[in-house]
1. Can you tell me which residues in segment 285-296 are crowded, with 16+ Cβ neighbours inside 10 Å and assigned to a helix (DSSP H, G or I)?
2. List every residue pair whose Cβ atoms sit under 8 Å apart, with the two residues 6 or more apart in sequence or on different chains, where the first one lies in segment 199-220 and is without any contact (Cβ under 8 Å) to a residue 40 or more places away in the chain and the second, anywhere, is crowded, with 16+ Cβ neighbours inside 10 Å and among the charged types (D, E, K, R).
3. Please work out which residue is modelled with the highest pLDDT, limiting yourself to segment 175-198 and to residues that are closer than 12 Å to residue 239 by Cβ and surrounded by fewer than 16 Cβ atoms within 10 Å (Cβ to Cβ).
4. Look through 138, 72, 150, 67 and report the one residue that is more than 11 Å from the chain's Cα centre (by Cα) and either outside any helix (DSSP H, G or I) or buried (at least 19 other Cβ atoms within 10 Å of the Cβ) (or both).
5. Return yes when residue 222 is modelled with pLDDT of 90 or more, closer than 30 Å to residue 362 by Cα and surrounded by 16 or more Cβ atoms within 10 Å (Cβ to Cβ) and no when it is not.
6. Of the residues that make up segment 334-344, is at least one surrounded by 24 or more Cβ atoms within 10 Å (Cβ to Cβ) and within 16 Å of residue 126 (Cβ to Cβ)?
7. Residues that are more than 17 Å from the chain's Cα centre (by Cα) and charged (D, E, K, R): does segment 265-284 have at least one?
8. Please count how many residues of segment 208-240 are within 16 Å of residue 74 (Cα to Cα) and among the small types (Gly, Ala, Ser).
Amino acid sequence: MPSFEIILSAFLAISLTASIISSRARAPYTIILVLFGVAIAGSSLSSILGVSLLYDSLVGGGLFVGLVLPPLLFETTMNIRFEEFRAVARPALRLATIGVVIATVVGGLFLWQIVQLPLLPSFLFASIIAPTDTATVLEIFRRARLPRKLSALMETEAVFNDATGITIFTILLTSLDVSRLSLVRAATSFAEIFGGGVIVGLLVALSAHFLSRLVADPMSETMITITTVYGSYTVATALGFSGIVAVAIAGLYYGNSTVRTWVLPQTTRTVRNFWRIMAFIANSLAFLYIGLSTDLARIRADLLPIGLAFTAVTIARFSSVYPLLGTSKISGEPIPRTWKNVAMLGGMRGALSIALVASLPATIPSRDVITSMVLGVAFLSIILQGPLLSSYVRRKFPRKVEVSPLSRKF
């Protein structure tokens, strides 16, 4: 079995190679990493590089959600200005909560009534695939030239809708019968999980805020942020709340209060640079993970159900984005249609959905079909929607548009 050193060296070499190719060919770094993963998974390199060990650790050990997502969430929310967050909070949170519920219901009904998939597998798949993938969306929008509020809208939705999707998925999985699901119990459970995450995130962020008063050197401050990120996630998860929401709230508070109050400018630069690197590594791992999870032979064999599933996901996203954003305003102004189109195209799926489907018990009916559909939709989403979004953004938002401070290229 390959050693950890070999696996780590291989991962760093692949990330570096993909970054160089992306820079030279001006191709999306994310797509190159996914294709690298697909090629490795289908070759003899899979056993040499310990792909199965890495995959089992990420999924079976729960490392993906607990280790990879927190840096992405913290680095993003730490850089969202509170003024921008306040302007987009209502429509973004509507998409992240009500939007995920609408997408789950519409997608589940489509598969159940139109495709004739059994009831429980239809809604389980819909709940797994309904939330947009944090790693995918954040990476795409970091590289896109967009108005700052549009970037904040999409990034805020991506950060918070994971919690909604995981909650709905957990409720459905424990109910095992959608027809007997109590909506009141489901709503109460969601409120507890989401609200508890907010409270834990605030408490941990406040503790970090006061600790920052006691230190002045960049290294100590960086350690405080690391403790804040993984401490908020661990505490919230241990209490049965959303660790994802806790990290997001901690990041918002740190970036808009602690940094502006106690942290020296030089220290702030060190902390931000550290989390940029951490986010880059986490992004690389997430997209490589998507590629390693993709079996092209399986996708070809299940092309029809995957195509129907992709259709269901597209209809579900349309049903949530345009009605919710159509009745929302940002800074008192209606949301432009181009922004709605960006939100539609930006609703990509990826690593989180793959991690959720891998956690399905073997006794779940149609588990293999659900798995194939999730893997296929995630792959098609990255390969098709990513280039479409980039092309649309270049046409509708020329380079003279002010670049978002979140739109940094690593």
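The values are calculated or read from the model by the stated rules, or taken from the named source; none is laboratory data. It should be emphasised that the depicted structure is a prediction, and the values quoted were computed from it without experimental measurement. Positions of Cβ are backbone-derived with ideal geometry, glycine not excepted, and every protein chain shown enters the neighbour counts.
1. 285, 286, 287, 288, 289, 290, 291, 292, 293
2. The qualifying pairs are 215/221.
3. In this case the residue turns out to be 195.
4. The unique qualifying residue is 150.
5. Numbers: modelled with pLDDT of 90 or more: yes; closer than 30 Å to residue 362 by Cα: no; surrounded by 16 or more Cβ atoms within 10 Å (Cβ to Cβ): yes.
So residue 222 fails the test.
6. no
7. Pass one, segment 265-284, residues more than 17 Å from the chain's Cα centre (by Cα): 265-274, 277.
Narrowing further to those that are charged (D, E, K, R): 269, 272.
Among the residues of segment 265-284, at least one is more than 17 Å from the chain's Cα centre (by Cα) and charged (D, E, K, R), which makes the answer yes.
8. The total comes to 4.
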